[in-house]
Each structure stands twice: as C-alpha cells, then as structure tokens.
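Data block below; observations after.
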Amino acid sequence: MDTSQRKGSGVPMPSSQIPRPSEKYGKDLRLGEGNGHLSSKNDKEKGVNVQVILRCRPLSEEEESLRMPAVISCNEMKKEVLAIQNFGNKQIDKTFVFDKVFGPTSQQIDLFNQSISPIVHEVLEGFNCTIFAYGQTGTGKTYTMEGGKKAKHGEFSSDAGVIPRSVRLIFESLEAQCADYSMKVSFLELYNEEITDLLAPDEFKLSDDKSKKPIALMEDGKGGVFVRGLEEEIVCSASEIYKILDRGSAKRRTAETLLNKQSSRSHSIFSIIIHIKEVTPEGEELIKIGKLNLVDLAGSENISRSGAREGRAREAGEINKSLLTLGRVINALVEHIGHIPYRESKLTRLLRDSLGGKTKTCIIATISPSIQCLEETLSTLDYAHRAKNIKNKPEINQKVTKSAVMKELCSEIDRLKQEVNAAREKNGIYIPRDQFQQEETEKKAIAEKMESMELELESKDKQLIGLQELYDSQQHLSAQLSEKFDNAQKKLKDHENMVVDLEERCQKAKCTIREKEYLIMNLLHSEKGLVEHARALRLELEHAAADISGLCCKIENKDKIEERNKITVQKFQSQLTQQLQNLHKVVLTSAMQQENQLKKIEEDMQSFVSTKAMAATELIAWVEKLKALYGSGIATLDGLAGEIDQNSRVTLGKLYSQMLTNSSSLDECLKSIAWEAENLLKELESSLSNQEVKLNTFAKLQREGNQRTVEATRSISNTTTTFFHSLDVHVSMLNKIMEETQTAQNQQLSELERKLKECAADEEEQLLGKVAEMLASSNARKKKLVQTAVDTLRASAADRTHDLQNEMSNARSFTSFVKEKWELYMEETENHHLQDTVAVENGRCCLEEGLKECMADIKIGSLLWKNAQDSLLSLTKGNVASVESIVRNGMESNQQRRENLSSTTMTAIEHVDVGNKSIQSYMDSKPFIPLFDLSGKPGLKLYMFLN
Ligand code: ADP
Ligand code: MG
C-alpha cells in the first residue's frame, strides 16, 4: 500500500512545519519579537553568524596501538586549532579559530552544556534551530549527535549525545515551568537523493531492501518544502528517545568502506518539534512553536579515499551531490553571490531556512587528530572556517491560537479516520506489487523531472529578474530620453517662436527702415527746400535787414520822403487819368465790333429760316406720298386677310358637317350593335334558364333515387336485426339443450357410481366367501350394468343430437331466408342504380346540348362583332378621306392667298424702297442734325438742316 495514501497529504517538515503567517488564523498573532531575547531585533536587522564548533576526537585504540602521531592540537581557551604539517624537514602550522573548540579530552556533557543547551533554550523560546555535524567519516559525528554505547534500561550514560540530552533538557525545563506542552520527533534519512522515513512503522516493509520507503519532498507553495507522509512520533519522556533512535538506526543504510565498517554514507535529520501553550494577559490561549533540527551529515571525505567503486560510485556521487551543493550554498552565502543553489540537492532544499534563513544554525565540525586523516581534516577545518561567515536572520515563530491548532488537528484526525476506515474495510486501492513499483519509479522520475524543471524555472526566474532589471533600466533610460526629448522639443518651439518674433521684428524694422528712408529722402528734399528756403529767407532777411537799415536811414530822412511821396501820388494821379481815357476808347471800339457781328448773325438766321420752311414743305409732300402708299398696301393686306378668314370659315363648316354625319352614322352603327348584343344576351339567358330547369329536374331524380336507396337499406337493417335476434334465441336454446344434456349425463354418471359402490359393498362380503365363484358372475354383472348405463347414455346423447340437428336445420332455413331477402335487395338496388345512371346520362346530354347552343350563340356574337368592326373601319376610312380632301382644298386656297400676299408685299416693299432711296438722296444732299420729335408718331421725326 502506498504510504502517501496511508498518510494522506502528509506532515510538513523542516521549514514548512513552522506555521506561517497565514490568513486562516484570522488575526495577526505576532507577539513581541524580542520576547525574552534582547538581541533578536538586532539579529534580524544585521544577521547572526552561523556558530561553528570544532570537535576533535581522541585517537582510537587502533591508532594508539599503531602509535600514530597526533597532528592536531586544540586550544580550548583560545578557541584555536593548530594543524601541524611536515614537508620534509619543514614544519608548517596552520591555525584556525572557531566559536568554540572541544579537544580530544572533552566530554559529551561539556559540549552540550557549553554550546548546545543555549540553543535548546532558544528553541523553547520559539526559535527554529539547526545543528549540523560535519566531518570525515569516523570522526565522531554520530557519536556527537546520538552518543556512544547506551546505558541499560534506556538510562542516560555519559556518552549520551546531543539528541537525547536536548530531549531531556526540554522535558526538564518545561516540567520546571509547569508548562502545558507537547513534543513530537521525526527522523529521516537522505541517501542517494532519496528520502526515507526512519520512524515509519514496519508493517510496510516489503522486503529487506525496501524496508525504507523513499518518500517525496513537496513544495508547500509558499517557498518552503515538506516531506510528504513523514511519521511524527509523540515523545512523552526522555528515556523514550533511545527507543526511537534505535528504531531509526536499525533502518539506517550503511555500507562497508575501506575506511570505516560502520561508516554512514547517508545524511540523517532528527527533528524535535515543541508546542507550548501560553496564556496572554487577556486570557487568550496561544501556542508557541519551536523546532530543533539535528543533522548528522554523511562523511565529507572524497570518493577515491572512501574506496567506493563501480556500483558505489554513483552512490558516492549522489552523496557528494548533497554535500557538494551544501558546500556551494555555503560558498555562495559567504561570498554573497546572487544565486544560491539551494534547489540543486534535497539536503539544501530541506535545510534552506538554516542556511541564510530565519533559523539559528550551529555547525559542529568533527575532526580526527590522526596524521592519516590530515588532508581531510584540513579540508574540514577550511570548510568549517568558511561557514562561520554565513549570516542568518533568526526570527521567532509566530504564535498561533489554540483554536487554530485544534482545527488543524481535527482535520488531521478526520483524514486519519478516513484512512483507517479504508484500511479496515479494505476498500482502498490495491494494486499488484510490480505495478506499484513501476508507478513508484515513474513517480520518482516525475519528481526528478519536476526538480530539474524547478531548477530550470529558478534559473529562468533569475534570467527574468535580470531581464526585468534591464527592462526597468531601459524604461528609466527611455523615460529620461523622452523627458530630454520633450525639453528639446520645448526649446525648439521656443526657438521657433523666437524666430517668428525676430522675423516680425525684422519686418517691422524693414518697414521702419523704409519709413526712415522715405523720411530721409523727404528730409533730403526738404533739406534742399529748406536750404533754398533758408537761402530765400536769408535773402529776405538780408533784404529786410537792408530795408531796416534803409528804413532806419529813411526814418532819418522822413521829411524828405514825405515830400517824395507827394510827388509820387501826383504822378500816379496823372498816370491813372491817362489810362482811364485809353480804356474808354477800347470799350467803344469793341462795342462797335459787337454790334456789327450781331447784325451779321441776324441775317444768317433769316436765311436759315427760309431754307427751313422750304425743306419742311418738301418733306411733308414726301410723307404724304408714303402715307398713301402704306395705306393702299394695308388695305390690300386687309382684303387678303378677310379672304383667308372666309376661306377658313367655309372649310371649318364643311369639316363640322362631315363630323356630324360621321357621328350620326357611328351612333346608328353602335345602336345596331347594342341591339344585336341585347338579343344575344336574351338568348343566352333563356338557354341558361332552360339549363337550370333541366338541372332541377335532374337533382330531383337524384334525390328520389337516394331516397329509395335509404328505404332499401332500412329494410335490410330491419331484416338483419331480426336475423340476429332469432340467432340469439337459437343460441340460448342450444345452450339450454347443452346444459340439460350435461345435467342428465351427470345424474347418470352419479347413478353409475352409486350402483358401483353398492355393488362393491355387496360383493365385498360375498367375495370373501366365494371369490372365485363370484368373480365371473360379478364381472358379467358389471359388464351388464356398464352396458345398460352406456346404452342409456347413448340414447340420451342421440336425443340431444336430434334436438341439435333440429335447431341447426332451423338456423339453416332462417339463413337461406335471409339470403333470399338479400339477393332480392341486391336486384332492387341494381335496378335503382341503372335507373339513376340513365337519369344522370340524360341530364348530362341536356347539359351538353345547352352548352352547344351557348357555343353557337357565342359564334353568332363574334360574327356580329366582326361586322360591327368592319362597318366602323369603313366609316373611319370615309371620314379620313373626306377630311383629307377638305384639308387639301383649304391648303390649295391658302397657297393661292399666300402667293397673292407675297406679290402684294413685294410691290409694297419696292414702293418703300423707292421712297427710301429718294429720301436717302435728298438727305445725302443736305447735312442734318436731329432736333426734336414733332409728330408724336413712331418713325416720324423733324430734322433741322444746317448749312
Ligand atoms: P562518524 O559518525 O563521524 O562516522 P562515529 O560517530 O561513528 O563517526 O565515530 C567513530 C568511532 O569513534 C566510534 O566508535 C566512536 O565511539 C568514536 N568516537 C568518536 N568521537 C569520540 C569522542 N569524542 N570520544 C570518544 N570516542 C569517540
Ligand atoms: Mg556516523
């Protein structure tokens, strides 16, 4: 049976066993982290170095006997280890310092009290602690962890190792505190990358080789791992621990090597889980959980030294896989390399939290003082020394409420109950062993594959993280670039604005320059003007100055000037009178000239008026002439128009009369057609009514035939019912006869029986005496009796048969009667049918005749219609011909008139042309200008002729 099925989902192991801060517990139960541990806060921030203890075992008896020199010296005070190396004559010492050094003489109790008991106390405070034993095979790892030979009755000896001492200390401390607690232990072995539960019950032992069932390591989905289905034993006293250790040790896989007959090639992890109940001041019950992992690692020596060969090579390789990975993890942690290869081995996966996690870790490195092991010892020392630099961040486990634990336990109980039930009722799953093994190997392969995939996933994760970082940085860069770009764009825009501004300003400046230029030009011009002006001004000024100076002079000579003025005035007066006289003369002469000119104009005007009168008379004559000409033309035209009018009137009258005659003839024709149609309709109607009458008679005949059929059917049904009734009566009579026969036969039979009985009784007596004599007579009598009985029976049967035959003949006669009746009815029905058929045939013939008549009528109708159509057509043709002749006549006369009109028009035009020409010539001889409209008539204007 599968252990995983037996144990269900499994019990969590190392790191995952610690109840994590989970939503399911409802509230945050994290209580003061520094609870009794002053340094814890500090530890958490800075990290705490892994504690490394060195232990050197004494030389073994064998080594003593071989007088092997000790090459290791321990200074417990200085916590130093000195390794003495001799290279030829040269001695090279190497010193290593550790947190604690225990020399060959040190006792188990010393090591425990000095180094382990503080760790146990921390476990009781709620920490997770791990103690590793690391070293070459045979250096005392198991001795240190478990202890040497046991004392009797499971009591503690001085050789007791860390595990039993820890258990005892835990019990003692908790008992001293009167605490409410529970303690569970689990013990597993890791060999060849396979996990074996060393505490699993033996019942699952399949064979010697498979006594240790490999079990799977599972991810708990929260970053931790747990061992599925790992057995957890509850320990109630310290002495029990030896039983458990014995059980585990018995299962531990060991193999002979050259170095050590009992060497362990496997890693073992012994875990102690303590649950302690606490009550808060508020009265709430909490569970404090502490865990101590005690790890006994496999020998650290290399493969060649251990002498493993062939089949073992893989084994050693696999053991080394865990150890090598442990070494690599330690290196990575010490050197702070980003990726720590926890996932590469099961050991490191299981102890992940102990290496750089929240667990407090202590490594006990064991060495041998023997020179034989020096190489390995130096490597162990180096390894342990390096491990000192690992920093962990210890954290107290969160306390959980009691109810949460209860809940978990209840669900666990339920699961176990189900398993027990399945086991008891054997309704679990049973499969053949081979299949099971195959499935197991498949499972293992899958698990390995999953592990490798997980590893891959981790590396992919790392890559992803790297890529993510790269992406982030790129994004940051791109953000910076975009910012820069934005800034640049802003600047560009500013610059563009500035350019536009500058252009505007340039334009403005150009404008101002042009203005300035213009102004300058103006100014230049004005300068010239100004210069001239100035010059003029200057001249003026000079003149003025001269004048002023002159005036000044003149003012001086005022009187002289006055006199001179008087003379000038007198001169001017004389000059003025002279000029006035001259002017008078000029005016007189010009008036004379004007008078002469006026006289000339008067004469011209008079001559013009006379010429005008002449021209006017001539013009009037022309006009008169033209008037007469136009009047005659118009009169002719009027006459022509009258003729046309008359002609058209005559033509229209003719047309009208023709139309009238046409319409009357059409009317007549239509009337005749209507009359014919009416006749036809009447005929049709009469034939239809005839048809109706015939149909009615036919229907009547039909109805009568039907009636007859109904009556015949009725009579048949009556006959049939009477037939059935008589049949019924006969049947009942037959029944009665049968019953009578039955009863008579019964009576006869019972009589026969009675007689037989009587006879038997009589004869019984007689038989005794004269059996032989009587037998014959008795037989004869019996025969006779039977014969008579049978005869009577036969007679009665014959009677009955006769009765029956009578009845049968009755029935037969009745049936023949019915048959006759039926035949009669059949004949009648056939006759009726024939009559009906004849009537129907007659009706059909009548209908056919009616139809034929109708057809003839229709033919007549169609003929009539054709006639009507023909007459209509001839009428229309006559109409068209008459209208055409009338129109032709009208057209001809119109043509005549038209010719007359055109000739008249031609002559009129010729006259006008002549008139026009004469006017033209006249006008050509005299120039003229239009003056004004005289007559008010269009086309008549008065012209003023000039020379
Ligand atoms: P390992 O587990 O490292 O292979 P063991 O614990 O089996 O080595 O020790 C090998 C032998 O050495 C045992 O017989 C053990 O009793 C003895 N031994 C180891 N360490 C000591 C010690 N400190 N004192 C006495 N005997 C020791
Ligand atoms: Mg061992």
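The values are calculated or read from the model by the stated rules, or taken from the named source; none is laboratory data. Note that this is a predicted model, so its numbers are computed, not measured. Neighbour counts run over all protein chains shown; Cβ positions are idealised from the backbone, glycine included. Note: areas computed on protein heavy atoms with side chains; ligands, DNA, RNA excluded. Shrake-Rupley method; radii C 1.70, N 1.55, O 1.52, S 1.80 Å.
Output the number of residues of segment 402-434 satisfying the condition of being within 30 Å of E125 (Cβ to Cβ) and in contact with a Lys or Arg (Cβ under 8 Å, 6 or more places away or on another chain).
2
Looking at L670, L652, L681, L688, which one is in a helix (DSSP H, G or I) and either at pLDDT 85 or above or touching a Gly at 6+ places or on another chain (Cβ under 8 Å) (or both)? Outline the logic, then answer.
Working: L670 fails: either at pLDDT 85 or above or touching a Gly at 6+ places or on another chain (Cβ under 8 Å) (or both); L652 fails: either at pLDDT 85 or above or touching a Gly at 6+ places or on another chain (Cβ under 8 Å) (or both); L681 fails: either at pLDDT 85 or above or touching a Gly at 6+ places or on another chain (Cβ under 8 Å) (or both).
Only one candidate passes the filter, namely L688.
Can you find, within segment 87-108, the residue that is nearest to V185 (Cα to Cα) among those that are assigned to a loop (DSSP other than H, G, I, E, B) and open to solvent by less than 50 Å² (accessible area, probe 1.4 Å)? Steps first, answer last, please.
From segment 87-108, those assigned to a loop (DSSP other than H, G, I, E, B) are 88-89, 98-99, 103-107; that's our starting set.
Now narrow it down to the ones that are open to solvent by less than 50 Å² (accessible area, probe 1.4 Å): 98, 103, 106.
Details: F98: 30, G103: 31, S106: 28 Å.
Filtering first and then ranking leaves S106.
Please work out if T348 is free of Cβ contacts under 8 Å to residues at least 12 places away in the same chain and part of a helix (DSSP H, G or I).
Numbers: free of Cβ contacts under 8 Å to residues at least 12 places away in the same chain: no; part of a helix (DSSP H, G or I): yes.
No; evaluated as a whole, the condition is false for this residue.
Could you please find all residues in segment 143-177 being of a type outside the set (S, T, N, Q), within 16 Å of ligand 1 (Cβ to nearest atom) and at pLDDT 85 or above?
Listed by number, the residues that qualify are Y143, M145, E146, G147, D159, A160, G161, V162, I163, P164, R165.
Which members of segment 383-402 meet the condition of being in contact with a strand residue (DSSP E or B) (Cβ under 8 Å, 6 or more places away or on another chain) and open to solvent by 40 Å² or more (accessible area, probe 1.4 Å)?
Within segment 383-402, H385, K388, N389, K391, K393, K402 qualify.
Would you confirm whether or not segment 414-423 contains a residue that is exposed (fewer than 12 other Cβ atoms within 10 Å of the Cβ), part of a helix (DSSP H, G or I) and touching an Asp or Glu at 6+ places or on another chain (Cβ under 9 Å)?
No, segment 414-423 contains no residue that is exposed (fewer than 12 other Cβ atoms within 10 Å of the Cβ), part of a helix (DSSP H, G or I) and touching an Asp or Glu at 6+ places or on another chain (Cβ under 9 Å).
One line per residue, one yes/no per condition, for (1) more than 16 Å from ligand 1 (Cβ to nearest atom); (2) of a type outside the set (D, E); (3) on the phi > 0 side of the Ramachandran plot; (4) modelled with pLDDT of 85 or more:
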{"residue": "I195", "(1), (2), (3), (4)": "yes, yes, no, yes"}
{"residue": "A200", "(1), (2), (3), (4)": "yes, yes, no, no"}
{"residue": "I215", "(1), (2), (3), (4)": "yes, yes, no, no"}
{"residue": "G229", "(1), (2), (3), (4)": "yes, yes, yes, no"}
{"residue": "V235", "(1), (2), (3), (4)": "yes, yes, no, yes"}
{"residue": "E256", "(1), (2), (3), (4)": "no, no, no, no"}
{"residue": "I269", "(1), (2), (3), (4)": "no, yes, no, yes"}
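Give just the number: which of (1) in contact with a helix residue (DSSP H, G or I) (Cβ under 7 Å, 6 or more places away or on another chain); (2) touching a residue at least 60 places away in the same chain (Cβ under 8 Å); (3) not basic (K, R) does S117 not satisfy?
S117 satisfies every listed condition except (2).
Is one or more of the residues making up segment 898-921 charged (D, E, K, R), at pLDDT below 80, in a helix (DSSP H, G or I) and surrounded by 11 or more Cβ atoms within 10 Å (Cβ to Cβ)?
yes
If a residue must be under 30 Å from H911 (Cα atoms) and open to solvent by less than 80 Å² (accessible area, probe 1.4 Å), how many such residues does segment 644-660 contain?
3
One residue is enough: does segment 787-807 have a residue meeting the conditions open to solvent by 70 Å² or more (accessible area, probe 1.4 Å), aliphatic (A, V, I, L, M) and in a helix (DSSP H, G or I)?
No.
What are the residues in segment 114-142 that are in a loop (DSSP other than H, G, I, E, B) and more than 8 Å from ligand 1 (Cβ to nearest atom), if any?
Across segment 114-142, the qualifying residues are E125, G126, F127.
Pairs, please: C-beta under 9 Å, at least 6 apart or cross-chain, first residue closer than 12 Å to L374 by Cα and in segment 75-88, second open to solvent by less than 80 Å² (accessible area, probe 1.4 Å) and of a type in the set (S, T, Y)?
L82/S73; L82/T95; A83/S73; A83/T95; A83/T377; I84/S73
Does R328 fit the bill of being at pLDDT below 85 and of a type in the set (K, R)?
Judged against the criteria, R328 is not a match.
Each row is one residue, and each column tells you yes or no for (1) at pLDDT below 80; (2) over 60 Å from the mean Cα position of the chain (by Cα); (3) open to solvent by less than 90 Å² (accessible area, probe 1.4 Å).
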position: K491; (1), (2), (3): no, no, no
position: T512; (1), (2), (3): no, yes, yes
position: K528; (1), (2), (3): yes, yes, no
position: E540; (1), (2), (3): yes, yes, no
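Quick test of your reading of the structure: L111 fulfils all but one of (1) within 8 Å of ligand 1 (Cβ to nearest atom); (2) over 60 Å from the mean Cα position of the chain (by Cα); (3) open to solvent by less than 50 Å² (accessible area, probe 1.4 Å). Name the failing condition by number.
All conditions are met except number (1).
Could you check, for segment 161-170, whether at least one of its residues is among the β-branched types (V, I, T), within 16 Å of ligand 2 (Cβ to nearest atom) and assigned to a helix (DSSP H, G or I)?
Scanning segment 161-170, I find at least one residue that is among the β-branched types (V, I, T), within 16 Å of ligand 2 (Cβ to nearest atom) and assigned to a helix (DSSP H, G or I), so the answer is yes.
Quick check on my filter: what residues within segment 114-145 are within 16 Å of ligand 2 (Cβ to nearest atom) and open to solvent by 10 Å² or more (accessible area, probe 1.4 Å)?
Within segment 114-145, Y134, T137, G138, G140, K141, T142, Y143 meet the criteria.
With the structure loaded, tell me whether E80 is touching a Phe, Trp or Tyr at 6+ places or on another chain (Cβ under 8 Å), over 27 Å from H275 (Cα atoms), among the acidic types (D, E) and away from ligand 2 (no atom under 16 Å from the Cβ) or whether it fails that test.
The answer is yes for E80.
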